[in-house]
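Written out below as structure tokens is the structure these notes cover.
Coordinate-derived values only; no laboratory data. These numbers come from a predicted model, not from an experiment. Cβ atoms come from the backbone with ideal geometry, glycine included; neighbour counts cover every protein chain shown.
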Amino acid sequence: MIEPGLYHMLFISTTLFFIGVYGFFTRRNLVTMLMSVELILNSVNLNFIAFNKYLWYDKMDGLFFTIFIIAIAAAEAAVAIAIIINLYRSHKSIDVENAEDLKY
Amino acid sequence: MPNATYIALIPLLPLAGFLMLGIFGRKYFKNTSGIIGTTLLLVSTVLALYTAYGYFFEYGKVDGIYQKLVPLKYTWLQFSEGVSIDMGIILDPISAMMLVVVTFISLMVHIYSLGYMKGDERFPVYYAFLGLFTFSMLGLVVSSNIFQIYIFWELVGVSSFLLIGYYYDKPSAVAACKKAFIVTRFADVGFLIGILILSFHSGTLDFNTLIATLTSPETAGYKSAAAASFIGVSALTWGLALVFIGGAGKSAMFPLHIWLPDAMEGPTPVSALIHAATMVVAGVFLVARLFPVFAISSPNALSLVGYVGAISALIAALIACTQTDIKRVLAYSTMSQIGYMMFALGVSKYGGEDGLGFTASMFHLFTHAMFKALLFLGAGAVIHYIHSNEMKDMGGLRKYLPITHITFLIACLAIAGVPPFAGFFSKEEILLAAYEHNPTIYWIALITSGLTAFYMFRLYFNIFWNKEAHVHGEHKGEGGFAMMMPLVLLAVGAAVAGFIPFGHFVSSDGKRLETAFHLQFSIAPVALGLAGIFIAMWMYKTENNKPDKFAASLSGLYKATYHKFYIDEIYTFITKKIIFNLIGRPAAWIDKNIVDGLVNATGNGTKDISEIIKGFQSGKVQQYAIYFLVSVIGLALLFIYWWK
Amino acid sequence: MSGSTVIFYLLAALTLVSALLAVTTRMIFRAAIYLLFSLIGIAGIYFWLQYEFIAAVQIVVYVGGIVVLIIFSIFLTQQAGEQLSKQKLGRQLFAALAAFCGLALVMLQLAQHAFVETGNKAIEPTVANIGNQMLGVDEGGYSLPFEVVSMLLLAALIGCIVIALKSKPETE
Amino acid sequence: MNLSLLILLPLLTAVAVLLVRNAKQVKVAALAGATAQFVLAFVLLFAYYKERATGNAAQMLFEQRYNWFPSWHISFHLGVDGISVAMILLTAFVVIAGVLVSWNVTKMTKEFYFLLILLSLGAYGFFISLDLFILFFFLEIAVIPKYLLIGIWGSGKKEYAANKLALMLMGGSALVLVGLLGVYFSNSAQSFDLLQLSQLNIPIQTQMICFPLLFVGFGVFTALFPLHTWVPDGHSSAPTAGSMFLAGISMKLGGYGCLRVATYIMPEGAKEYATIIIVLSVIAILYGAFATMMQKDLKYINAYSSVSHCGFVLLGIGMLTKTSMTGAVMQMVSHGLMTALFFAVIGMIYERTHTRQVSEMSGLLKRMPFIITVLFIVGLCSLGLPGLSGFVAEMTVFMGSWQHPDAFRRVATILACLSIVVTAVYILRAVTKTAMGPLTAGFEELKDATWNEKLAALILIAGIIAIGVAPFWLNDLVSPGAEVIMQKLSR
């Protein structure tokens, strides 16, 4: 086993990202899609932190971005869930296949 | 020098009459418009006579040669350096002569119409149109610029159109006015292209410069015009021939004559003015105007003029023998006489004794105007009396219309070439000129002159002798002073105009030309004329079946001439079948289906494509995300590996 | 091969495996729990990287906030024990393929790229440092974004209420 | 003379039309504005003459320049030469006549007049701008109102026609835009300024690409074959004033653009493509004329004849001589006045008889002498009667075209000359059928023109006759402008 470094971090974050993407593509339930989005966001956060840690340890910008992303993610999740609940109310379903009113 | 203002007033007064009566006539001059128009024209006539007198006897002649004076010239439209349309006045023997003829005949017609058109609903409009025509015709004859002549040429055409269609609720009149306009328009295209050719080579539109350039072989313009050729014919000949086509259209030469008989749908005084005495000789006038160029530089074009004239004269005379509508007979007779004038020009040469044809042609134009106007006005009086144009409704009218009868007889004798009436002298000169220069045309002319006498007296006897017409309704007499006075005046003209020594005034080169009178030469035509008269008398003086028998014995020829050699049918076939069906209809179809179809196909194609690609906008978020990711990957590959 | 290395690999495995399970399981509640584990794993990695503050934030906001929110929304919209409907197989395969291609591409790029670290002296990401810079107004200070984010949160708060508010019945 | 007035005045009129309260006030405001424009156009004409008389030989007079978008070298650059003055006069004539004949519009009067005035604003701006970007800007302003005018107030297949017209014109202006950008980025000064561009030599490769783009783009407006099919549908579906504006002004935008923009700044390109232009325009002339012969609807007749007549404009430009270009501009002015009058008359007849089918009416002269007299005048003008404007313009084009001695151009000119016969045929068919013959039953009670219609017709007739009787003033106005283009061409 090799000593973990930047590349390990990047591997984790990339894999996490594409797991999230896969989930986003295959899930039909809006809540689970939201979960995939959270995974993607987290992978980005991890990237920021990793770069901050290994490349630019003289600054804290990556760290701040992470904080802000987390804050925004919280807001996003709240709004998304509000939308999901509203959709559930009007469509009696949160299946994404049924929410296709915005076509053509 | 002449006073340009007076001369300019000659055409402008009728124009003023047109504007005044055309705009305000309906409201303010309902009844007085005839008087106004006539008065204005009277002033014009006096001015024209004054001008002609001044030109011929005072200032026109320098060193024994009549000069071409240009007292007025005003640039109207400048095309390029040296090439411009000028509005101007040219005074030379033929224009001075035409001024007199046009104003005089027009005045006669104006006066005559006071009686003839009395009580017509559109009286002011009628006089306005007459004024427009007179203006245009006068403008035409004094034109100093070939384009100016074209302008007035068109205006004459349109006033003729308006007057033929004067009885606008009669479908036949509407068809006739359309036909007249379109046929002459077709010919005018030839004229226009001819103008373009001539002006391109001579570098000018001005008559004097143009003639000077194109008649002197050393100028650059002449050289280029003679050198350029198309199908082996020089540009100069093409230009002149095309100009002649314009003239032939207006003068109803074969094969562009078909509009003239139909034009008789107009009021009879109008036929007298436009379609007998003045407008239809415009073609002759045009050739005469360019005569030096024709004669000196392009004998080929001139012989074309000659043969077209001769053929027209013969054909028209043949057709005239079988027509039954008296105005149509007169129309064909007009065409035939204009054919005379044309071939007289065609056989002429420039200058000296050889220029006899030119003088003769102009002389015949002059006398023909008198007696043909008289014939039409006389026919008008008959029609006015009997309310029909057909010979079969007439007969024995000499008792009811004595003045008309006498004047008509004088006119018939004049046109038949019986001495000492006017037609005899002018026709004699024409035949002499033809005899000297072109035997073929001479023989055609001789035959035609016999036929002329025959059909004119056929007309005369059918109207005034033959059977007794059943005149119904009240007898209104001959139409009063207004109608009779022009008849008498014109009859005097038709009787004595021949004694004018025309060659002294009008000749191809402006020099004095002595026209000798050859007694032995005139025997043949006079004898033929008298023979024609006697045959007509024998056949038509009393009601009998000789004409029918005669017609039966010549049934093929009779039928062909009765149907005017089927020329109208040929034209109808060409226009209706070929132009409409083979060009017009396909053009409209192509536009609707192919060109517009392409446009619509573009529209529909766009729609179809959008129909296809709108599937991408499914509203399914995940699909969008997939497109997004695939595109990102694709772009990334593109940027990394391909677009270094 | 030190203990810390082992711990890292364990954390990494936890994160990735639970993430994978979170997107593949057909029980929605379990998916939420797997997500929870994955997020905890990431928090662990932050700890391992000695970014304690971020790790704390991660646990507080994600684990304590968002996941709870998600679970609540599951309760509101889902019958308990219901299995998630299955996606079409083609879509699944295609998504897997696309994800794998993307992953391969990115990994390839990463492998080919040589990262250069800065040679400057490191700053300790202590809470004090973070706090100073976060609220600093001088060069490099983050007070403006901080305020903007706070506005955003406020807006989101209000937005949530408005969106989720029961709309008035359209017609009687 | 401040040229901005020509833009401000319609703008003020448009605002006034929007602000006033009822339909009557709208009409009065629009008429007042149109009259003011009319007066202003004459003021401009005389100011122009005066300036020239005092010896000002500058190419463009009354120039004004404001920086608009300095970093892109776009400036609000105005100026006129004789050609522009002629086009502005035309616009003023058509606008006032159009406002007058729409006096009876009852549906959404305010919007209707607003759009009319907006269109005139676009046209004025187009004719006076010397910066290509501004020019394009005004061109677009002039396009959009047409869509609404046809779509809302039109008749027949109005949606189809409006869509077709708007799409084709927009397509044309898209080509223009591409061409303009091509010119902009390829010239060394990166300039949109017309005068500056005319001094530069645009590389021949650029010209070979950009000239056709610009020419075809503008050509769509002026019914370049085969992109003319919006003309018949658009004109026949538009309301009367709409047709008048469309044929009288809009089609002239294209001709002016072809001349002033495409040919002027890229003369070598014009020379290269002259053959194609001539072929297309001769096709348009003859084919339009023959297609007209088969039409049965008065508006279609005039629309197709517009295709034919606008062919003369393009022919004049394609022939590339001073005389022919002068003729092209004269033909634009003449055709603008004539066709506006023609549509006005058709509108008047339609309002009374409720039909435009030639076969369904005859003998109207008996009931409405004024209207039918105007119909005769305009018909005769269309077939090129001397004394009316059409003749002068066509003859100038012919004379100019004939100045080339090569056989190809000769044949083209002769073919174009032949169209005057065809024109006579279709005009006379339509006019005599409508006006003459026995009166159609049911039309016994028709009334003649009202004051506004009479006034509109008289204004346009005055313009037609002023050109027809005394063409020298227009010739003197236009030919120096053509001369400048020719100098650039021979350089």
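For segment B:506-574, trypsin sites (Lys or Arg not before Pro) are listed when DSSP marks them as loop and at most 16 other Cβ atoms sit within 10 Å of their Cβ; the list is B:ARG512, B:LYS541.
Using the Cα centre as the reference, give the magnitude of the dipole from point charges on the C-beta atoms of chain B (Lys, Arg: +1; Asp, Glu: -1; all else neutral), rounded to the nearest 20 debye.
Values: 41 positive and 35 negative charges, 267 e Å.
Using Cβ point charges on Lys, Arg, Asp and Glu, chain B gives about 1280 debye.
Tell me whether segment C:1-83 comes out rounded, prolate or oblate; compute the Cα gyration tensor, take square roots of the eigenvalues as a ≥ b ≥ c, and use a/c under 1.5 as the rounded threshold.
On the way: a/c = 5.03, a/b = 1.73, b/c = 2.91.
Because a/c hits 1.5 or more and a/b fails to exceed b/c, segment C:1-83 counts as oblate.
Separation of segment D:1-75 from segment B:484-559 is 71 Å, based on Cα centroids.
Listed by number, the DSSP H helices of chain D that run 30 Å or longer by alpha-carbon position along their axis and have mean Kyte hydropathy of at least 0.0 are D:23-53, D:132-153, D:158-186, D:267-293, D:298-319, D:322-353, D:407-435. The longest part of chain A holding none of the exposed loop trypsin sites (Lys or Arg not before Pro), meaning those outside H, G, I, E and B in DSSP with at most 15 other Cβ atoms within 10 Å, is A:1-91.
At full extension, C:ILE158 and C:ALA13 could sit 48.3 nm farther apart than now, given 0.36 nm per residue minus the alpha carbon distance.
I'd like to compare D:84-95, B:31-42, D:126-137: which one has the highest average count of other Cβ atoms within 10 Å, and what's the full order after that? If you can, show how the numbers build up before the last one.
On the way: D:84-95: 27.3, B:31-42: 19.8, D:126-137: 24.3.
Ranking the peptides D:84-95, B:31-42, D:126-137 by packing returns D:84-95, D:126-137, B:31-42.
Only one residue of C:PHE8, C:VAL127, C:ALA104 has its Cα farthest out toward the positive end of the dipole of chain C, where Lys and Arg carry +1 and Asp and Glu -1 on Cβ, and that residue is C:ALA104.
Let me make sure I get this right: for the protein assembly as shown, a, b and c are the square roots of the gyration tensor eigenvalues over alpha carbons, sorted descending. Under 1.5 in a/c it's rounded, otherwise prolate if a/b > b/c, else oblate. Which is it? In terms of gyration-tensor shape, prolate. At a Förster radius of 25 Å, what calculated FRET efficiency corresponds to the Cβ-Cβ distance of B:LEU12 and B:GLU121, to the nearest 0.05? Working from the Cβ atoms, E equals 0.30.
So how much slack lies between D:PHE46 and D:LYS271, counting 0.36 nm per residue of separation and subtracting their Cα-Cα distance, in nm? Intermediate values should be presented prior to the final figure.
Numbers: separation 225, 0.36 × 225 = 81.00 nm, distance 3.50 nm.
Using 0.36 nm per residue and subtracting the Cα-Cα distance, I get 77.5 nm.
If the segment from B:ASP63 to B:LYS511 were pulled out straight at 0.36 nm per residue, it would be longer than the present Cα-Cα gap by 160.4 nm.
Each of B:THR440 and B:GLN520 was given a label point 7 Å from its Cα along the Cα-to-Cβ line. The distance between the two points is 2.8 nm.
Among D:VAL345, B:VAL70, D:PHE211, which residue has its Cα positioned farthest towards the positive end of the charge dipole of the protein assembly as shown, with +1 placed on the Cβ of Lys and Arg, -1 on the Cβ of Asp and Glu, and the dipole taken about the Cα centre? It is D:VAL345, whose Cα lies furthest towards the positive end.
Per-residue counts of other Cβ atoms within 10 Å, averaged by peptide: what ranking do you get for B:143-151, C:15-23, B:426-434, C:65-73, highest first? Let's see the in-between values first.
Values: B:143-151: 25.2, C:15-23: 22.2, B:426-434: 27.0, C:65-73: 18.6.
Most protected by this proxy first, the peptides run B:426-434, B:143-151, C:15-23, C:65-73.
Mind sorting D:ASP406, B:ASP509, B:ASP262 by how few other Cβ atoms lie within 10 Å of their own Cβ, fewest first?
On the way: D:ASP406 8, B:ASP509 15, B:ASP262 21.
Ordered from fewest to most neighbouring Cβ atoms within 10 Å, D:ASP406, B:ASP509, B:ASP262 come out as D:ASP406, B:ASP509, B:ASP262.
With unit charges on the beta carbons (Lys and Arg positive, Asp and Glu negative) and the dipole taken about the Cα centre of chain A, which residue among A:SER36, A:PHE64, A:LEU46 sits farthest to the positive side? The residue sitting farthest along the positive end of the dipole is A:SER36. Ordered by the count of other Cβ atoms within 10 Å of each Cβ, fewest first, B:ILE590, B:ILE164 give B:ILE590, B:ILE164.
Residues D:MET244, B:MET484 in ascending order of nearby Cβ atoms (within 10 Å, fewest first): B:MET484, D:MET244. Dipole check for chain C: with +1 at the C-beta of Lys and Arg, -1 at the C-beta of Asp and Glu, and the Cα centre as origin, the magnitude is about 840 Debye. The modelled label-to-label distance for the pair D:ALA466/D:TRP68, using points 7 Å beyond Cα in the direction of Cβ, is 2.9 nm. Think of each Lys and Arg Cβ as +1 and each Asp and Glu Cβ as -1; about the Cα centre, that makes the dipole of the protein assembly as shown roughly 2700 debye. Taking a label point 7 Å from the Cα of B:ASP568 along the Cα→Cβ vector, which residues of segment B:260-277 have an amide N closer than 16 Å to it? It comes to B:260-266, nothing else.
Select from segment C:53-112 those trypsin sites (Lys or Arg not before Pro) which occupy a DSSP coil region and have at most 13 other Cβ atoms within 10 Å, ordered by residue number. Walk me through the intermediate numbers first.
Working: sites: C:LYS86, C:LYS88, C:ARG91; in loops: C:LYS86, C:LYS88.
Listed in order of number, the matching sites are C:LYS86, C:LYS88.
In this simple spin-label approximation, B:PHE24 and D:ASN22 carry label points 7 Å from Cα along the Cα→Cβ vector, and these lie 3.9 nm apart.
For the pair C:GLU147 and B:PHE628, a Förster radius of 30 Å applied to the C-beta separation gives a FRET efficiency near 0.40, rounded to the nearest 0.05.
Per-residue ellipticity at 222 nm from helix content only, as computed over chain D with -39500 (n - 2.57) for each DSSP H run of at least four residues, stands at -25000 deg cm²/dmol.
Peptide B:578-588 has a mean of 5 when you count, residue by residue, the C-beta atoms of other protein chains within 10 Å of its C-beta.
Shape of segment D:373-440 from its Cα gyration tensor (a ≥ b ≥ c, root eigenvalues): rounded if a/c is under 1.5, otherwise prolate when a/b > b/c, or oblate?
Values: a/c = 6.61, a/b = 2.33, b/c = 2.84.
Because a/c hits 1.5 or more and a/b fails to exceed b/c, segment D:373-440 counts as oblate.
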